[in-house]
Amino acid sequence: MEICEIGELPPIGVVPQYMHAQVLRRERYGTPISAFQSERIKVPEIKDDEVLIAVMAAGLNYNSVWASVAYPVDMIQLIQQRGELKDNFYIAGSDCSGVVYKKGINVSNVNIGDEIVVHGGWFDPNDTFIRNGGDPTISKTFRAWGYETSYGAFAQFCVVKHFQCLPKATHLNWDEAAVYMVSGVTAYRMLHHYQPHTIKHDDVVLIWGGAGGLGTMAIQLVKAADAIPVAIVSNDEKAIFCQNLGALTLNRSHYDFWGALTPEMVKPENQEEWRNLAKQFLKEVLKITNGRQPRIIIEHPGESTFPTSLYVCDRDGMVITCAGTTGYMGSFDLRYLWLQNKRIQGSHYANPEECIKLNNLVRDKIISPILAETYNFEKLPYALQLMYENRHPAGSMALRIGY
Ligand code: NAP
């Protein structure tokens, strides 16, 4: 078989020669609307420990926006330099649901025809650090699949390591199953990994971007831990959306003191100005939490919010970050760090064990994917452009490919 049309699948186990894929090339890097283009690409070969998946639906994540604008990293160049990409194009996409069509000879955990979801934690299992029991997430071979590797989810077929395949929850449709893994496992690790600052009953947890992919998963995980999520959003519509998920909410657009601190701003003669504004914000948080400061802050906007996150965090609490969406200058007033014994923690994705735990929470219907909208295959550039401009709908977006 030469190629299948979008929305169709070949008979189970029959792999066509070519596939339709949404492709990035270095010469057209830029905003998603023009950088991503549909092309006909050869279906890739797999290695002995890999699996070829027919993608039914892909989930959209912010890392595809990073890949598109080649900032902060030119991904094609980086992967080529690492010797991990021979092609002069790249297929992004870090979340998907699909069907196993082919597997390498060393793969025993899945069979042809299995319905699965993919988690994006790619690594080399032969890495000595991992073989000696190290957490794969902090190994030098760890890669965000579909961002730091090619042949991701935005095509009719994708390539994954066998351990990235997890059983699809039977109560979810393909689109729902495609949209929760990246944001879900990242939020899961942020809340459950970093002892002693793991989430406890009745903790107040402040979540930036509560209506986003990460935010909607974090709200549910906080609720599942019998704790109190406080979602920060930018409009009333998103506030209602988060309240319906069980969060207390606060609208950040009522404030205008965001951005990095400068040395001038923390000088004794100037410090009152910023502090008074931050105090106002904290007061509003305390009003809705009955006077309790957040013990954990889920950070990802970065530059615009980091000083406030550290200020608002409770004594002995933790600001944990997985991104710098608004910029990389993470500034703060050191006095609030050491005098109040606070912790700043970085966190990136999750290890396979955490991915399994998150997937089981979904299979047990404790956590639900929050599917905002499904787009047809050719609409990917448009949907990612919405994300780039922060005009995308609350929740997560899916791309329908195989059905
Ligand atoms: P998303 O769905 O686009 O949500 C991001 C949210 O950030 C938006 O809903 C927006 O909410 C909020 N936001 C935008 N500008 C803001 C600003 N200036 N100040 C405060 N909040 C702002 O994206 P996502 O999937 O949740 O991902 C968020 C970030 O985490 C991205 O950078 C992504 O790459 C990163 N991430 C990292 C990992 C990892 O493993 N390291 C994994 C998943 C995601 P409002 O406008 O309503 O405030």
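The table below lists the values:
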{"read-out": "Residue tally, condition within 16 Å of the ligand (Cβ to nearest atom), open to solvent by 10 Å² or more (accessible area, probe 1.4 Å) and under 21 Å from ASN359 (Cα atoms), over the stretch 196-218", "value": "3"}
{"read-out": "Qualifying residue in the stretch 292-306 (condition: of a type in the set (S, T, N, Q), farther than 25 Å from GLN345 by Cβ and open to solvent by 50 Å² or more (accessible area, probe 1.4 Å))", "value": "no"}
{"read-out": "Number of the condition not met by LYS102 [criteria: (1) part of a strand (DSSP E or B); (2) surrounded by 20 or more Cβ atoms within 10 Å (Cβ to Cβ)]", "value": "(2)"}
{"read-out": "Subset of the stretch 283-295 [within 16 Å of the ligand (Cβ to nearest atom) and either under 21 Å from ILE320 (Cα atoms) or touching an Asp or Glu at 6+ places or on another chain (Cβ under 8 Å) (or both)]", "value": "VAL285, PRO294"}
{"read-out": "Candidates LEU172, LEU221, filtered to the one that is in contact with a strand residue (DSSP E or B) (Cβ under 9 Å, 6 or more places away or on another chain), of a type outside the set (S, T, N, Q), buried (at least 20 other Cβ atoms within 10 Å of the Cβ) and part of a helix (DSSP H, G or I)", "value": "LEU221"}
{"read-out": "Residue match in the stretch 123-135 (condition: under 20 Å from the mean Cα position of the chain (by Cα), under 29 Å from SER368 (Cα atoms), touching a residue at least 24 places away in the same chain (Cβ under 8 Å) and open to solvent by 40 Å² or more (accessible area, probe 1.4 Å))", "value": "no"}
{"read-out": "Residue in the stretch 240-253 that is most open to solvent (accessible area, probe 1.4 Å), counting only those that are within 15 Å of the ligand (Cβ to nearest atom) and within 15 Å of ILE370 (Cα to Cα)", "value": "ASN244"}
{"read-out": "Residue match in the stretch 81-91 (condition: touching a residue at least 24 places away in the same chain (Cβ under 8 Å) and out of contact with any Ser or Thr (no Cβ under 9 Å at 6 or more places or on another chain))", "value": "yes"}
{"read-out": "Residue satisfying all of: in the stretch 346-403; part of a helix (DSSP H, G or I), within 30 Å of TYR29 (Cβ to Cβ) and free of Cβ contacts under 8 Å to residues at least 40 places away in the same chain; nearest to the ligand (Cβ to nearest atom) among these", "value": "LEU386"}
{"read-out": "Any hit, the stretch 267-283, residues being free of Cβ contacts under 8 Å to residues at least 40 places away in the same chain and among the small types (Gly, Ala, Ser)", "value": "yes"}
{"read-out": "Residue in the stretch 58-75 that is more than 25 Å from ALA323 (Cα to Cα) and open to solvent by 40 Å² or more (accessible area, probe 1.4 Å) present", "value": "no"}
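The values are calculated or read from the model by the stated rules, or taken from the named source; none is laboratory data. These numbers were taken from a predicted model, which means no experiment stands behind them. Don't worry about glycine lacking a Cβ; one is built from the backbone with ideal geometry, like all the others, and counts go over all protein chains shown. The area values use the complete protein model at the heavy-atom level, side chains included, leaving out ligands, DNA and RNA. Shrake-Rupley method; radii C 1.70, N 1.55, O 1.52, S 1.80 Å.
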